[in-house]
Amino acid sequence: MATVGGAGLANGQSRIPQVAPLAKYKLVFLGDQSVGKTSIITRFMYDNFDKNYQATIGIDFLSKTMYLEDRTVRLQLWDTAGQERFRSLIPSYIRDSSVAVVVYDITNRASFLNSSEWIKDVRAERGNEVVIMLVGNKTDLADRRQVSVEEGEDKAKKEGVMHIETSAKAGYNIKPLFRKLATALPGMESAPSTASSNLIDIKLSAQPPEEAPSRQCYC
Ligand SMILES: Nc1nc2c(ncn2[C@@H]2O[C@H](COP(=O)(O)OP(=O)(O)OP(=O)(O)O)[C@@H](O)[C@H]2O)c(=O)[nH]1
Ligand SMILES: [Mg+2]
């Protein structure tokens, strides 16, 4: 969105157009190993799905611009590793994010139970200054379901967070997940913070109609 600055031309100054800074938001993806964090991001960014498991090593960083009805936002996605050995890296990414996406696998009850721990970690770092989305992934594996939709919704209500079920494989509810997040983004972060300004601003490809991805690995 472009705005025109300067009140008038009475003193002979020309109008200087000012471009509103692109709103940037940091989203951190959390959850146990193999629940589908990377797959959800990959589906959203590239509309791809890989059935072979490639564990995330350390943290991956990806950036994508979303063109919403009334504004444009840059999402900075931090894809964390669920493997225990990388846990110590995660708190600083939570601390720096305004959105946390906590993923569990609906066919893995332990991952659902552990989602409470992930939410607790987010609250410990950010209190209520954060949007949290609880995501039950792998709905295409309905015959192996160990967590009902109601259980997911109940936990979300109890924890005061949002909830959605997805399938990265089938591409189910992936765009709605990010649209819900985009709508819930805190408005006051429309200017880039000092914390975000030191991030590498990854080049976006030529604008497709809705979104443009980029990717960098921080392994
Ligand atoms: N059937 C099915 N499989 C999925 C889905 N999402 C992910 N998977 C599979 O689950 C495995 C793990 O997916 P990842 O996206 O790598 O999981 P992750 O949470 O990023 O794992 P870490 O990086 O180790 O934390 C892979 O074999 C994926 O193909 C889904 O929606 N349905
Ligand atoms: Mg991963």
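Scanning region 44-62 for residues that are surrounded by 14 or more Cβ atoms within 10 Å (Cβ to Cβ) and near ligand 1 (Cβ under 8 Å from one of its atoms) returns Phe49, Thr56.
State whether the residues of region 1-22 include one that is of a type outside the set (A, V, I, L, M), modelled with pLDDT of 85 or more and either touching a strand residue (DSSP E or B) at 6+ places or on another chain (Cβ under 6 Å) or within 16 Å of ligand 1 (Cβ to nearest atom) (or both). Looking for residues that are of a type outside the set (A, V, I, L, M), modelled with pLDDT of 85 or more and either touching a strand residue (DSSP E or B) at 6+ places or on another chain (Cβ under 6 Å) or within 16 Å of ligand 1 (Cβ to nearest atom) (or both), one finds none in region 1-22, hence no. Here Gln54 fulfils each of the conditions (1) in a loop (DSSP other than H, G, I, E, B); (2) touching a strand residue (DSSP E or B) at 6+ places or on another chain (Cβ under 9 Å); (3) modelled with pLDDT of 95 or more apart from (2). Considering (1) outside any helix (DSSP H, G or I); (2) open to solvent by 50 Å² or more (accessible area, probe 1.4 Å), the lone condition that Pro176 does not fulfil carries the number (1).
Within region 71-130, restricting attention to residues that are assigned to a helix (DSSP H, G or I) and of a type in the set (Ser, Thr, Tyr), the residue that is surrounded by the most Cβ atoms within 10 Å (Cβ to Cβ) is Ser115. Of all residues in region 152-173, exactly one satisfies the criterion of being buried (at least 20 other Cβ atoms within 10 Å of the Cβ) and among the basic types (Lys, Arg), namely Lys155.
The values are calculated or read from the model by the stated rules, or taken from the named source; none is laboratory data. All values derive from a computational prediction rather than experimental measurement. Neighbour counts run over all protein chains shown; Cβ positions are idealised from the backbone, glycine included. For accessibility, only protein heavy atoms count, side chains too; no ligands or nucleic acids. Shrake-Rupley method; radii C 1.70, N 1.55, O 1.52, S 1.80 Å.
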